[in-house]
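*Asks:* What follows is a single structure, and I will ask about it in a moment.
The values are calculated or read from the model by the stated rules, or taken from the named source; none is laboratory data. Everything numeric in this text was worked out from a predicted model, so none of it was measured. No Cβ is skipped: glycine too gets one built from the backbone with ideal geometry, and neighbour counts run over all protein chains shown. Protein only, heavy atoms only, side chains kept; ligands, DNA and RNA dropped before computing areas. Shrake-Rupley method; radii C 1.70, N 1.55, O 1.52, S 1.80 Å.
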Amino acid sequence: MLSIKNLHASVEDKEILKGLNLEVKAGEVHAIMGPNGAGKSSLASVLAGRANYEVTEGSVTLDGKDILELSPEDRAREGVFLAFQYPIEIPGVSNINFLKTAMNEIRDYRGLSPLTAKEFLQMSREKQALVEFDAKLVNRSLNEGFSGGEKKRNEIFQLAMLDPKLSILDETDSGLDIDALRIVSRGVNKLRSENNAFILITHYQRLLDHIVPDFVHVLSDGKIVKTGGKELALELEEKGYDWLK
Amino acid sequence: MENNTDTEFLESLADKEYEHGFITDIEMDILPPGLNEETVRFISAKKNEPEWMLEWRLKAYQAFLKMELPSWQNFKMPDMNFDGISYYAAPKNTPKYNSLDEVDPELLATFEKLGIPLNERKKLLGVREDGPIENENGEMVERPLVAVDAVFDSVSVATTYKDELKKHGIIFCSISEAIQDHPELVKAYIGSVVPQTDNIFAALNSAVFSDGSFVYIPKGVRCPMELSTYFRINAENTGQFERTLIIADDDAYVSYLEGCTAPQRDEHQLHAAIVEIVAHKNAEVKYSTVQNWYPGDKEGKGGVYNFVTKRGICKGENSIISWTQVETGSAITWKYPSVILQGDNSYGEFYSVAVAKGKQIADTGTKMIHLGKNTRSRIISKGISAGNGQNSYRGLVSIGPKAANARNFTQCDSMLIGDRCGAHTFPYIDAKNPTATLEHEATTSKIGEDQIFYLNARGIDTEKAVEMIVNGFAKEVLNKLPMEFAVEAQKLLAVSLEGSVG
């Protein structure tokens, strides 16, 4: 599904990603771990198309399509979803109207007619239940005044609604208490399917107790330096990252 | 997207063309430019006015001659060549129509094109369709009835639903008609809230006003529909000087809407209006404006100078006056809808969204004058600046010595789009009673690349993202507008900022 080849990217002329390779197939969950400053969140930003990142070399394709050529909104419409590490507050824009707009923009791109108000509300109720999202938050302004945990849970609710091919969760576990972590993980596990894939960016092994990955990659200094199964995460938890350098 | 998108993309925000810039080709009676006593006499005679009205106008003209342009505003006052303006322009043929069938089809077509159907079977101001509309909860609801007084250059060309309103004892007509038919009411109230000598533009208006709307809601009557006036400037080199007078007697209620547009012209045009509102005991008046005069082009060529005096008085106890305005047009807006809170326990509100883009200047705000006991006021101002636009909030909260326990809450929020525009706040407080409670909050924010990117990452393009963010920012004010007007205002905000980002 996702194929990243020799990806180099920089911010303000400082190279952050230095020849990164990654293959993700449908149905797989990949965890990307690594020390601070290794480039984990930069990878998420580059994939989603954040403007201040410049790709200097390499390619990224989603189902064979070059996504580096696409605007951020077109990447989202093609099925890339970034769950933000720090979701943004947008005062006065209701969560539900925002999602309705997002969904209809994506549907329009794919040549589908917009959902009726009824269909949308029904779907919204189903997905809220699925990912255990508080109905009260649905009608509030987008992330405004939400707690850190509520913002992260809202990202998962959006993920459930937009049903992307490839989801990138950028430190979704950070700032979550253990109950919220369980709820978020349960949501993600329910959303896993043969047709989609997940990249989990995390510092900590504890997330991987709840969402069990197929592969664990260690990112260090802009490159993947080690790849293994889920047991690699445990090894990292024990030994830290220094032995890999 | 390029690297330095924030600036580039946000800077192009002001490029959308003005939608209502067309000119109606119709035969007009136009007074040659120039201002002197004869001009005043001409207008009064043209309207067949009684002697007292002419005297009143002449008194205003004398005051005007002695007054100077204000200098306290946050922009350089342009040259006002008062002699270069034509003070009267009316469509030829009889300007008074007894029924819509007599109105020049070209005129009807003009209002139709602006989305203001004067046909009574069509119900709505601002939207063409007749069917139900979607409210903010996504439910389909019946459109409310709206009665319209349409003012074209200097004259009112049509007022709809008059007969229906008459059944309730409500008077809704042009002010020219009111001077003829209800002189006792006009005489008692005109100038009682905005005196002829209030400021130079008020003096000018009082001398040369050519038309406007008049509303009287009798005791205990709740007006069954929205009333509205739609102002259109068409003729070249003319000013528009309309005057609106709204009186709500004891226990009465009315909601009033005002909309306006003008053709795209290279010369500046002056609009100097007056609105006076009187609310008696327990009465409530809601006044909403969506102002979309031609703002001029990107370089600041042309555009309407909008110098308007709007003031209401809560005369009786427990009365309420509420101003809501969405100001997107005009080259310069100079306007401070105010409330004099004279009656005990009376309440005044001011909700405003002002957009200044391109070379537009908005200097707007309010005055809340607390005179009675337990009077309360609330000010919510949202300024949006883009391009080279300069947006100033200017407000006065004054608490008189007898206004025990007066309260005011003021919130001024500014949003900047791009980095060449400006937002300014000038809040003044004058408290002469120690029991007053005053709160003031202010914020300034910049539409962030982060906010836009967040919406982009959910499949929403940048233009739509900006529209959502701006409408979210203005929501508290837009929610105060009557529903169908709110829909229009949202679209207008979106359109006026279209192309600002890109």
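*Asks:* Amide H neighbours of A:Thr56 under 5 Å, counting only residues 5+ apart in sequence or on other chains, H built in-plane at 1.01 Å?
*Replies:* Amide H neighbours of A:Thr56, under 5 Å, 5+ apart: A:His8, A:Ala9, A:Ser10.
*Asks:* For the protein assembly as shown, give the percent of accessible area contributed by carbon and sulfur heavy atoms, probe 1.4 Å, rounded to a whole number.
*Replies:* 47
*Asks:* Please report the buried accessible area for the interface of A with B, total over both chains, probe 1.4 Å, in Å² to the nearest 100.
*Replies:* Chain pair A/B: roughly 2400 Å² of buried accessible area.
*Asks:* Kirkwood hydrodynamic radius for the range B:236-337: how many Å is it when counted over pairs of different Cα atoms?
*Replies:* Here the Kirkwood hydrodynamic radius works out to 14.4 Å.
*Asks:* Treat each spin label as a single point 7 Å out from the Cα along the C-beta direction, and report the B:Glu55 to B:Asn479 distance in nm.
*Replies:* It is 5.1 nm.
*Asks:* I need the phi-derived Karplus couplings for the range B:50-58: 6.51 cos²θ - 1.76 cosθ + 1.60, θ = phi - 60°, integer Hz, Gly and Pro marked x.
*Replies:* Each residue's phi maps through the Karplus curve to give x, 4, 4, 5, 4, 4, 4, 5, 5 Hz.
*Asks:* Then there's this: If you plug each phi of the range B:221-229 into the Karplus form 6.51 cos²θ - 1.76 cosθ + 1.60 with θ = phi - 60°, what whole-Hz ³J(HN,Hα) values come out, in order, with x for Gly and Pro?
*Replies:* Karplus values, whole Hz, x for Gly and Pro: 9, 9, 4, x, 9, 5, 9, 8, 10.
*Asks:* Okay, moving on. Just report the Cα centroid separation between the range A:160-191 and the range B:278-328, whole Å.
*Replies:* The two parts, judged by their Cα centres, are 49 Å apart.
*Asks:* Okay, helix-only estimate at 222 nm for chain A: each DSSP H run of n ≥ 4 adds -39500 (n - 2.57), divide by all residues, round to 500 deg cm²/dmol; what do you get?
*Replies:* Rounded to the nearest 500, the figure is -11000 deg cm²/dmol.
*Asks:* Ranked highest first by the average count of other Cβ atoms within 10 Å around their residues, in what order do A:40-46, B:82-88, B:47-53 fall?
*Replies:* Sorting A:40-46, B:82-88, B:47-53 by mean packing, highest first, produces A:40-46, B:82-88, B:47-53.
*Asks:* I need the calculated FRET efficiency for the pair B:Glu441 and B:Asp419, taking r as the beta carbon distance and R₀ as 30 Å, to the nearest 0.05.
*Replies:* The pair B:Glu441/B:Asp419 has a calculated efficiency of 0.75.
*Asks:* Over its Cα atoms, what ratio of radius of gyration to 2.2 N^0.38 Å does the protein assembly as shown give?
*Replies:* In units of the 2.2 N^0.38 Å rule of thumb, it is 1.11.
*Asks:* While we're on this one: Which part of the range A:144-171 falls in the paramagnetic zone of A:Tyr204, meaning amide N under 11 Å from the point 7 Å along Cα-to-beta-carbon?
*Replies:* none
*Asks:* Still on this model: First measure r as the distance between the Cβ atoms of A:Asp179 and A:Asp108, then evaluate 1/(1 + (r/R0)^6) with R0 = 45 Å and state the FRET efficiency to the nearest 0.05.
*Replies:* 0.75
*Asks:* Same structure, new question: How much length is gained if the chain between A:Asp214 and A:Thr227 is pulled fully straight, taking 0.36 nm per residue apart and subtracting their Cα-Cα distance, in nm to one decimal?
*Replies:* 3.6 nm
*Asks:* Would you please calculate the Kirkwood hydrodynamic radius of chain A over all C-alpha pairs and express it in Å, rounded to one decimal?
*Replies:* About 18.5 Å for chain A.
*Asks:* Tell me whether the range B:362-475 comes out rounded, prolate or oblate; compute the Cα gyration tensor, take square roots of the eigenvalues as a ≥ b ≥ c, and use a/c under 1.5 as the rounded threshold.
*Replies:* Prolate, because a/c is 1.5 or more and a/b exceeds b/c.
*Asks:* Quick check for you: which residues of the range A:34-60 have the amide N under 16 Å from the point 7 Å beyond the Cα of A:Trp243 toward its beta carbon?
*Replies:* Residues A:34-35 qualify, since their backbone N sits under 16 Å from the label point.
*Asks:* Label point 7 Å out from A:Lys165 along Cα-to-Cβ: which residues of the range A:1-20 have amide N under 20 Å?
*Replies:* Backbone N within reach: A:1-7.
*Asks:* Taking θ = phi - 60°, what integer Hz values does the Karplus form 6.51 cos²θ - 1.76 cosθ + 1.60 yield along the range A:193-203, in sequence order, with x for Gly and Pro?
*Replies:* After applying 6.51 cos²θ - 1.76 cosθ + 1.60, I find 8, 5, 9, 10, 9, 10, 10, 9, 9, 8, 8 Hz.
*Asks:* With label points built 7 Å along Cα→Cβ from the Cα atoms of B:Glu267 and B:Asp181, find their separation and express it in nm.
*Replies:* 3.5
*Asks:* Let me ask another. With the crude spin-label approximation of a point 7 Å out along Cα→Cβ, what separation in nm comes out for A:Leu115 versus A:Leu234?
*Replies:* Distance between the two pseudo-spin positions: 4.0 nm.
*Asks:* Sticking with this structure for a sec: How many Å² of accessible area per residue for the range A:2-244, probe 1.4 Å?
*Replies:* That works out to 43 Å² per residue.
*Asks:* For the range B:161-227, how big is the tail of P(r) above 17 Å, as a whole percent of Cα pairs?
*Replies:* For the range B:161-227, the fraction of Cα-Cα distances above 17 Å is 49 percent.
*Asks:* Here is a follow-up. List the residues of the range A:83-97 for which accessible area in the full set of protein chains is at least 50 Å² lower than for the chain on its own; 1.4 Å probe, protein heavy atoms only.
*Replies:* Flagged in the range A:83-97: A:Phe84, A:Ile88, A:Ile90, A:Gly92.
*Asks:* Grab the Cα-Cα distance for B:Asn433 and B:Lys66, subtract it from 0.36 nm times how many residues apart they are, and report the gain in nm with one decimal.
*Replies:* 128.6 nm
*Asks:* Report the extension gain between A:Ser3 and A:Asn189 in nm, rounded to one decimal, defined as 0.36 nm multiplied by the number of residues separating them, less their alpha carbon distance.
*Replies:* Gain on stretching A:Ser3 to A:Asn189: 64.7 nm.
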